[in-house]
Amino acid sequence: MPRRVQDIIPSNAKPVKQVVPVSRKEKPEEKEGEQKIAIKRIATPPPAILDHTPKKKKRFPRKSRVLLVLLGIVVLIGLLGYFASTYFARAIFTVKPREIPVTVNSTLIATASPVNGSLTYDLVSVANSATSTVKATIGSYSESKAKGIVTFYNSFSAKSWRLIAGTRFVTSEGLIYRLASTISIPGFTTSSSGVFTPGTITATLIADQVGEEYNAVRMDPLEKLRVVAFEKDPKYETVYAKITGPISGGFKGNKVTVSPSVLASTTVELQSEIIRDSLSHLKSIVPEGYVLYSSAYSAVFSPASVNSLAKTPVVSVRGTVYGILFKKTDLVSKLAGQSLVQSFNGFTFDTDGLEGLVFAISNAKDFSPIKKNNLIIQIKGNMTLLGVVPVQELKSKLAGMALVDTEKVIHAYSPVIDLEKSSGQVVPPWSKVPTNLEKISVVIQD
């Protein structure tokens, strides 16, 4: 039997049993009759030494980890900044309109209707009046009756109705007027469609008494003068008269006289007042696209009238002022020349200084707005043709483009844009022009 061997316990491991083979010298004697058993050597591996110390995980150095974290933060901030800047991107284009200065010194012939491409003019008019009291010399005592032309109506009969001279007519205020001469008022008519039309005729009425109270410069158009003799007759409502013009001349008292010099100076002042007021009104109604110069007018006046029968004489002037209009595009073509106008290539342009040019009519004495004859005009001064930039259209074409490509778009507007004095920028610089038009600014440079 082999010997027992003590367990070998390594200093740093658990005990492991080891079998040590018996040497041949110590081989026991074999007894007779016993069966021999072959003993084989079994190689035994050296005892395993188990290390139960906890293993440490591999880690990056502390500095490397900090750098990685910082790098991640930087990348994240960069991405957020890029998307935020793209979202909040803006584009600003500063545009200088194209300017062409023009010196004007022209004499032109304008006609009332187009003739061989000539400059044409249009007329607008306004009628006006002005009055002024003046100093006068008191004369002798006098009396006169007021008179005027009125319209008489016959709605009573389809036959004409005769009224003799002296027939009395009364107003709603009780004033009496007499018919100056015998008249025959035509009868009324009725059309096939049933339209009723009274017969009419005009004649003169004279006040029954002297005095200013019979003067009727203006009267209600609905006011009717009735025939006194028809007061209790149906004809009282159907045969009547209406004042269609002034009834004047009634006076009772001392006449006054106005000196010719006072009358002349007062007339000039009143005419100037009419021209000033009329031009102010005409300028307020000038159509869009036309120009009316302050001296582009012609005035026609009736002779001044003086109420010399009044205690305080009044000078009255009536007149019509005709404003002479010119279409701006036609006038600019004549003043600047067709070639300069065509250089805008169909784009819109303004004309700065056009209305400030000095305008004069050379044939003012011979020109008649009623006859509409030719007009000779002289225009002098300086003006500037100024391109009009279509801002919204330009924004639409620039939207979504890279800044480098916007130059081609802006170049297409060179007829109205000064390219050398215009610029554009996108903020931030790496982004494109926003597609949102509200984020695109087009600044028109003065």
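Among (1) at pLDDT 95 or above; (2) in contact with a Phe, Trp or Tyr (Cβ under 6 Å, 6 or more places away or on another chain), there is one condition Ile361 misses while meeting the rest; what is its number? Of (1) at pLDDT 95 or above; (2) in contact with a Phe, Trp or Tyr (Cβ under 6 Å, 6 or more places away or on another chain), only one is false for Ile361: (2). Exactly one residue out of Thr189, Thr137, Thr182, Thr167 is on the phi < 0 side of the Ramachandran plot, in contact (Cβ under 8 Å) with a residue 12 or more places away in the chain and outside the structural domain of Ile206 (by TED's automatic domain parsing): that is Thr137. For Val404, the conditions (1) in contact (Cβ under 8 Å) with a residue 40 or more places away in the chain; (2) out of contact with any Phe, Trp or Tyr (no Cβ under 8 Å at 6 or more places or on another chain) all hold with the exception of (1). Does Phe367 satisfy the condition of being under 21 Å from Ser113 (Cβ atoms) and in contact (Cβ under 8 Å) with a residue 40 or more places away in the chain? So Phe367 fits the description; yes. Just one residue in the set Val306, Val286 is in contact with a Leu (Cβ under 8 Å, 6 or more places away or on another chain) and either under 28 Å from Ile376 (Cβ atoms) or of a type in the set (Lys, Arg) (or both); that residue is Val286.
Among the residues of the range 321-336, is there at least one that is under 19 Å from Val286 (Cα atoms), in a strand (DSSP E or B) and of a type in the set (Gly, Ala, Ser)? Within the range 321-336, one or more residues are under 19 Å from Val286 (Cα atoms), in a strand (DSSP E or B) and of a type in the set (Gly, Ala, Ser). In the set (1) within 54 Å of the chain's Cα centre (by Cα); (2) free of Cβ contacts under 8 Å to residues at least 24 places away in the same chain; (3) in a strand (DSSP E or B), the condition left unmet by Arg162 is number (1). Within the option set Ser316, Ser272, Ser294, Ser280, being part of a strand (DSSP E or B), among the small types (Gly, Ala, Ser) and surrounded by fewer than 20 Cβ atoms within 10 Å (Cβ to Cβ) holds for one residue only, Ser316.
This table checks each residue for (1) at pLDDT below 90; (2) assigned by TED's automatic domain parsing to the domain that holds Thr348; (3) under 60 Å from the mean Cα position of the chain (by Cα); (4) not in a strand (DSSP E or B).
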| position | (1), (2), (3), (4) |
| --- | --- |
| Arg41 | yes, no, no, yes |
| Pro45 | yes, no, no, yes |
| Leu50 | yes, no, no, yes |
| Ile73 | yes, no, yes, yes |
| Gly78 | yes, no, yes, yes |
| Leu108 | no, yes, yes, no |
| Val115 | yes, yes, yes, yes |
| Leu123 | no, yes, yes, no |
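Scanning the range 421-434 finds one or more residues that are more than 30 Å from Ala110 (Cα to Cα), of a type in the set (A, V, I, L, M, F, W, C) and surrounded by 14 or more Cβ atoms within 10 Å (Cβ to Cβ).
Among (1) outside any helix (DSSP H, G or I); (2) within 42 Å of the chain's Cα centre (by Cα); (3) modelled with pLDDT under 90, there is one condition Tyr82 misses while meeting the rest; what is its number? The failed condition is (1). Tally the residues that are in contact with a Gly (Cβ under 9 Å, 6 or more places away or on another chain) and not polar (S, T, N, Q), restricting the search to the range 391-427. The number of residues fulfilling the criteria is 9.
The values are calculated or read from the model by the stated rules, or taken from the named source; none is laboratory data. Values in this document were obtained by computation on a predicted structure and should not be read as measured data. No Cβ is skipped: glycine too gets one built from the backbone with ideal geometry, and neighbour counts run over all protein chains shown.
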